[in-house]
Every structure is written in structure tokens, then in C-alpha cells.
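> Here it is: the structure, laid out below.
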Amino acid sequence: MKIVCSRNSLLSGLNIVSKAVPNKTTMSILECILLETDKDGLTLMSNDMELGIETRVEARIETPGAVCLNAAIFFDIVRKLPENDVTIETDASLKTVISCERAVFRLMGRSNEEFSYLPDIEKFDPVILSQLTLKDLVRQTIFSVSVNDNNKVMTGELLEVNGDRLKMISLDGHRVSIRNVELKNSYPAKKAIIPGKALGEIAKILDDSEDAEVMIYITGKHCIFEFGETIVVSRLIDGEFFKIEQLLSTDYETKLTIRKKEFIECIDRAILLVREGDKKPVVLDVQDEELRLRMNSNMGSMNDELSISKQGKDIQIGFNPRFLIDVLRVIDDEEIDVYMVNQKAPCFIKDSAESYIYMILPVNLPME
């Protein structure tokens, strides 16, 4: 094999496929990136058996072929090369020479026959939306995906399509995140539980563009994302996602309208007194048109106040401050509405159209 391509194009492609290279594995071939030519150019591919990515790179093919190269070493080499054309040449024994200007590297490659190619999946009836929309959906829900493998379903997000509505839901036992968007077209009902890790990596390589589209194919065991020159295949999580409808009560005793920026700043100040791993709540004390925030920890105490708009009863309630911050940072509105019933019931942060709904469980207040 002998190919010539620009260093920047190659680096861009490697940056995409490296997202599916595992950090640790007992199968050394999974630590490699496949380079394979065809009549249209060069394909790069990686696969950790749960997430697979392939992308195309424009290249001049002088001799067709394929080789697998260690991803970490190859990526670092290309990253350090001058911004010029890169030549990659392999011989019959897969010894690979990478050269650019006066820099020359020699690596031992491996056969593509050892590599685990992406599964050949029949695709039909894609759900189409903008890359920016999908990127925002992931950003605004992924923080409440569980990192605990004890319940596999909670390590993923439910993607549900019904007509012209797409919904994404995540939960970790302490909070629920829901985002709803309207699609341009209508589709048959379908749903899938997609691993949070896969969604996080996909979001990193999506464009910030309303014009660039992504096509999502949901099959029995996989979800396929196609955008630009890239294809991402993720295994789905087996199981039944939690039925959260009964949790989404519309009853409330107290409704607060708060300026988001000021609320974030107050909670940020409270977190200064909380060590990593501490479970000290921030106490919200609502009295009339005023929200008083209080934090007491082993490091000290803090009191702060905010002017708010309130409907209903006064209330005193405590929350994990990081859970509040996570939600507030992904909401784009300048003002938020917070709905509460009592100090033992979950609170809801949502807009009037319910395009986003965030539920957070309170924590028991310490005895004072």
C-alpha cells in the first residue's frame, strides 16, 4: 500500500476514529486503527466491540492495500509532523514507513485480517435531524447518566421517536433529565437505549451547525449515526427503560421564577465549602419574594440571598448543589421555573412547553 494525503486531513480523521479506541483491552488488535484504501480514497476505522467508527480521508492512492497501526503511536506521530503531505507506504511484511518532508518513521503494522470490522447492518428509515440539535440533546441530558454499572440500563439514554417528536431521557437514581424536540418529518414509533459513553463520544465529533444533518438508524441491536464522511455504530443496551411517567407530577405547592445566572453564581459560591465526595446540601429557604441559600460544612458556612418571583407556599428544602449546577449549566433560558411540593418530594425545573424537564430528588436537611 502507498498513499499520499495532507497531514491536517489525516489528523482530523484520526481525531474522529480515536474515540473508539479502548484505553485498556486484552485484545491488542483493538488498540489499532485500520487504514484501508478503495477507489474513492482512504478509510480509517476503529472498533472497541461496543462502539465502532469509520471515516473517510481524501488521499491519493498510488498502491491500494490495508494495514493496522497502533492508534496511540500513529496519532502522536501524525500530530507532530509538519503541515504538509504525508506519505504512508507498507511492504509485503506490513513494515510501514510514514514520511513528511524530512521526518521519517518506521512502524510494524498488522494485517487487516486480524481487525474486527464494523458489523454489516441493514439500514432503513433513518431519523434525520441537525447535528447541532443532536449535540445539544446529548449535552443537556448526559450528565445524569449513571456511572455505576450495577444497573446497566441507567448507564444509557433512552432515545424515543414518536411521529414528529424525538425524546431523550437519562436518569441515575437521584435525578432525571428529559429533552423533547420537534422533527421536520414524521416517523414510525421507535426507541433504543444507547450507552452514555457512545453518545458522549459522538457529541464530540458532531458539527455545531444547523445545516449539517445526521441520520440515525435504529436496528434490533445497534444504533447507527451517519454524518459527513463518518459512520458511528453503537451496540444498544438490552432491557426495559424505567417508566418515568408516574414520576412527572404536574402538582405543586410552590413555583419559583429565578434568574438563572444569579442562581448559578450563588450555588457556585456554596460549593466552595464542599470537598469532593462530601454530601453537604445547599439549603433553599423560600420566604415571600426572597430565596435564601445556606451552606454549612466542616470548612465553614455561607449565606446568600436572591430576589425571586414566587407563587404558592414558602418552603425550606435541601439539594445536592452539584446536581443543581449540572442542570442550570445546560439550560439556555435566562430565567427558569422551579416547581416544588414539599421538602421530601422531588422538584422540577422545566419550561412552559416542556421541551426540557429536569427532576431532582431533595436530600434530608441536617438537624440544626
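The values are calculated or read from the model by the stated rules, or taken from the named source; none is laboratory data. All values reported here derive from a predicted model rather than from experimental measurement. Cβ sites come from the backbone with ideal geometry, for glycine too, and all protein chains shown count toward neighbours.
> Mind checking whether some residue in segment 109-117 is surrounded by 14 or more Cβ atoms within 10 Å (Cβ to Cβ), in contact with a helix residue (DSSP H, G or I) (Cβ under 6 Å, 6 or more places away or on another chain) and either among the polar types (S, T, N, Q) or more than 25 Å from Ile231 (Cβ to Cβ) (or both)?
For segment 109-117, residues surrounded by 14 or more Cβ atoms within 10 Å (Cβ to Cβ), in contact with a helix residue (DSSP H, G or I) (Cβ under 6 Å, 6 or more places away or on another chain) and either among the polar types (S, T, N, Q) or more than 25 Å from Ile231 (Cβ to Cβ) (or both): absent.
> Still on this structure, I have one more. Looking at segment 288-302 only, could you name the residues that are exposed (fewer than 13 other Cβ atoms within 10 Å of the Cβ) and over 22 Å from Glu334 (Cα atoms)?
Asn298, Gly300, Ser301
> Right, another one. Please identify the pairs in which a residue from segment 133-158 that is closer than 12 Å to Ala203 by Cβ has its Cβ atom under 6 Å from the Cβ atom of a residue that is in a strand (DSSP E or B) and of a type in the set (Lys, Arg), counting only partners at least 6 apart or on another chain.
Here the result reads Leu137/Arg179; Gln140/Arg179; Thr141/Arg179, each pair linking segment 133-158 to a residue that is in a strand (DSSP E or B) and of a type in the set (Lys, Arg).
> If you don't mind, another one. Looking at segment 329-348, is at least one residue basic (Lys, Arg), without any contact (Cβ under 8 Å) to a residue 24 or more places away in the chain and in the same structural domain as Leu256 (by TED's automatic domain parsing)?
yes
> Please pick out the residue among Ser186, Ser209 that is assigned by TED's automatic domain parsing to the domain that holds Met154 and under 20 Å from the mean Cα position of the chain (by Cα).
Ser209 is the lone residue from the list that is assigned by TED's automatic domain parsing to the domain that holds Met154 and under 20 Å from the mean Cα position of the chain (by Cα).
> Quick test for you: out of Ile29, Ile53, Ile16, Ile33, pick the one residue that is buried (at least 21 other Cβ atoms within 10 Å of the Cβ), part of a helix (DSSP H, G or I) and at pLDDT 95 or above.
After applying the criteria, what remains is Ile16.
> Moving on to the next point. Just checking, how many residues over segment 278-315 are out of contact with any helix residue (DSSP H, G or I) (no Cβ under 9 Å at 6 or more places or on another chain), of a type in the set (Lys, Arg) and within 18 Å of Lys260 (Cα to Cα)?
The total comes to 2.
> Within the bounds of segment 63-77, is there any residue that is of a type in the set (Ser, Thr, Tyr), closer than 19 Å to Val4 by Cα and either over 34 Å from the mean Cα position of the chain (by Cα) or in a loop (DSSP other than H, G, I, E, B) (or both)?
yes
> Hey, can you tell me all the residues within segment 306-349 that are within 18 Å of Thr254 (Cα to Cα), charged (D, E, K, R) and surrounded by fewer than 19 Cβ atoms within 10 Å (Cβ to Cβ)?
Result: Lys313, Asp314, Glu335, Asp337, Lys344.
> Given the residues Ile224, Ile258, which is the only one that is within 19 Å of the chain's Cα centre (by Cα) and surrounded by 15 or more Cβ atoms within 10 Å (Cβ to Cβ)?
Ile224
> Collect the residues in segment 118-148 that are loosely packed, with under 13 Cβ neighbours inside 10 Å and over 27 Å from Ala72 (Cα atoms), keeping them in residue-number order.
Of everything in segment 118-148, those that are loosely packed, with under 13 Cβ neighbours inside 10 Å and over 27 Å from Ala72 (Cα atoms) turn out to be Glu122, Phe124, Asp125, Asn148.
> Also, I was wondering about something else. Limited to segment 174-210, what total is found for residues that are outside any strand (DSSP E or B) and in contact (Cβ under 8 Å) with a residue 60 or more places away in the chain?
Of the residues in that region, 15 qualify.
> Which of the strands (runs of 3 or more DSSP E) found entirely inside segment 79-173 contain at least 1 residues meeting this: at pLDDT below 95, at negative phi and assigned by TED's automatic domain parsing to the domain that holds Glu58?
Those strands (runs of 3 or more DSSP E) do not exist here; none qualify.
> Next up: Go through segment 218-233 and give me each residue that's farther than 20 Å from Leu132 by Cβ and touching a strand residue (DSSP E or B) at 6+ places or on another chain (Cβ under 9 Å).
Passing the criteria: Ile218, Thr219, Lys221, His222, Val233.
> Here's another thing I want to ask about it. Which residues, taken from segment 56-86, are surrounded by 17 or more Cβ atoms within 10 Å (Cβ to Cβ) and among the β-branched types (Val, Ile, Thr)?
Correct list: Val57, Ile61, Val67, Ile77, Val78, Val86.
> Still on this structure: Grab the strands (runs of 3 or more DSSP E) fully contained in segment 269-343, keeping just those with 2 or more residues being closer than 20 Å to Arg175 by Cβ.
Filter on segment 269-343 gives 282-287, 290-297, 315-319, 335-340.
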